[in-house]
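Data block below; observations after.
The values are calculated or read from the model by the stated rules, or taken from the named source; none is laboratory data. In this text, all values refer to a predicted model and were calculated from it rather than measured experimentally. Counting neighbours? That spans all protein chains shown, and the Cβs are built from the backbone with ideal geometry, glycine included.
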């Protein structure tokens, strides 16, 4: 795990709270905050779909084990649910890219 230098945290917090006269420091601080925000957006946005896909596949396998004859409707609904869960992950990716490059 990475160790965060307390001096860097102090410098960034001073820039964020009080501002700075040095334009280069302000630009670097803004870039750092953008990177952290994009990482958090993607990380937190991927947790839900990851859990959802796991639960969906688990329950589909349980259903197939109990009733193998119902394979077609179970598989159809599982694929549809997987697509929706992955779409949410892609939305999180798009938001993090927007934060990183547009905002």
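Within the group 31, 60, which residue is touching a helix residue (DSSP H, G or I) at 6+ places or on another chain (Cβ under 6 Å) and either part of a helix (DSSP H, G or I) or at pLDDT below 90 (or both)?
Every option except 60 fails the conditions.
Taking the conditions exactly as written (closer than 30 Å to residue 7 by Cα and within 27 Å of the chain's Cα centre (by Cα)), does residue 89 satisfy them or not?
For residue 89, the condition - closer than 30 Å to residue 7 by Cα and within 27 Å of the chain's Cα centre (by Cα) - is not met.
Need pairs with beta-carbon distance below 6 Å; first residue under 17 Å from residue 36 (Cβ atoms) and within the stretch 4-26, second assigned to a loop (DSSP other than H, G, I, E, B) and modelled with pLDDT under 70; sequence gap 6+ or separate chains.
Listed pairs, sorted by first residue: 26/20.
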